[in-house]
């Protein structure tokens with residue numbers, strides 16, 4: 001029996017050493033984000049300066065749509081309200097919902113609007129975008145992309161275009177603010193607070209030092225010739241935006257970020273919608289990073305800073321794995337310590353120096369995220385209530401993102417997820433309708449567009 005207690009004591013101590021190693025690895029990652037937090041504090045918001053275009057280039061605005069009846073007309077009206085002279089709007093409609101199709105058909109015949117439909121959904125969003133390239137105006141020099149829940153401002157095209165002053169810029173990304181339903185829905189508020197870390201702190205900092213700026217899938221513009229040079233939108237990925245970013249940088253171009261351009265959007269309505277969205281991002285980003293890591297690190301067209309940003313952004317799911325493993329190890333250690341105390345009456349603790357080191361490292365490793373969130377909240381003029389929501393969501397998503405990152409490391413297939421958008425519908429009323437139907441008080445079937453619009457697996461990767 002004493003041998004068993006001795007073995008448990010050794011295991012307890014070894015877990016302490018293991019957690020210390022993970023904390024030290026986190027310290028390296030945290031230092032990277034500390035540097036960007038300090039850099040972000042020195043960034044000043046740019047004021048839009050319209051370039052004196054003698055001949056404003058023709059721009060194609062592409063709108064990929066899939067069963068988004070509640071938001072699509074709002075987006076179309078916002079795009080047709082652009083104060084730019086030379087542009088067209090190409091609606092890429094993959095919808096199966098008759099009402100969405102009917103709403104889009106109302107715009108048929110508008111002089112600026114083209115409606116493109118196809119059989120099947122090969123490649124999903126990227127496939128729709130690539131298919132739409134076959135129908136754009138031959139004069140088009142730039143491609144702008146907005147998601148169905150976006151509401152771009154009138155001067156969005158001018159502002160995006162101004163980002164191409166440097167001829168080395170291949171694409172320009174705007175700031176997507178998930179604030180349209182943030183005041184009324186807790187999940188959307190938490191999502192907005194969480195994404196402020198990226199949009200309002202990390203991205204401006206990276207852009208200010210010519211780091212790696214990521215395309216976020218919407219509210220961006222890309223040069224047509226650059227898009228053709230890199231082979232179009234990548235269809236072999238469930239995170240086509242991250243994959244597209246890597247292709248742009250490896251081709252010798254860079255992406256600019258405009259934090260002045262605020263494109264409002266909706267956040268996920270339910271916790272499960274949020275988690276599925278984060279799981280897709282983590283899985284796809286990890287997989288694309290794994291597949292491209294050697295090409296990126298060997299690239300002579302990318303700077304050392306951009307390669308470090310690639311690792312920092314691409315493997316964020318790995319950090320969640322490390323955090324989850326450390327948490328589980330801590331639980332096991334606690335159970336072992338409790339068992340020894342119950343049986344022998346002896347209290348087991350790690351050496352004092354390990355306790356002090358873990359306390360210091362714990363505080364050090366938590367601060368960068370807190371700093372970036374506070375910077376984002378300050379720039380948005382929001383209260384600490386948003387930070388509380390975002391912090392709770394980070395803890396909740398940790399095991400799910402860790403699982404998805406593991407899938408990204410080992411699996412070759414991904415799952416495409418579409419996050420439902422509800423526009424002006426009151427979510428509480430929507431939930432009541434679901435409850436009524438679940439309890440059998442109505443025999444009316446739940447429309448497909450109200451159900452989670454998900455779960456279609458790629459067969460090509």
Would you mention how many residues in the stretch 292-306 are more than 21 Å from residue 403 (Cα to Cα) and surrounded by fewer than 18 Cβ atoms within 10 Å (Cβ to Cβ)? 9
Can you say whether residue 327 is within 30 Å of residue 207 (Cβ to Cβ) and either in a helix (DSSP H, G or I) or over 25 Å from the mean Cα position of the chain (by Cα) (or both), as far as the supplied structure shows? no
Filter pass, residue 244 being touching a strand residue (DSSP E or B) at 6+ places or on another chain (Cβ under 7 Å) and touching a residue at least 12 places away in the same chain (Cβ under 8 Å): no
Exactly one of 257, 253, 249 is in contact with a helix residue (DSSP H, G or I) (Cβ under 8 Å, 6 or more places away or on another chain), modelled with pLDDT of 95 or more, more than 26 Å from residue 387 (Cβ to Cβ) and crowded, with 21+ Cβ neighbours inside 10 Å, and that residue is 249
Unique residue being surrounded by fewer than 14 Cβ atoms within 10 Å (Cβ to Cβ), part of a helix (DSSP H, G or I) and touching a residue at least 40 places away in the same chain (Cβ under 8 Å) when the list is 332, 340, 336, 321: 332
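The values are calculated or read from the model by the stated rules, or taken from the named source; none is laboratory data. On a predicted model such as this, the values are computed, not experimentally measured, just so you know. Quick reminder, even Gly has a Cβ in these numbers, built from the backbone with ideal geometry, and neighbours come from all protein chains shown.
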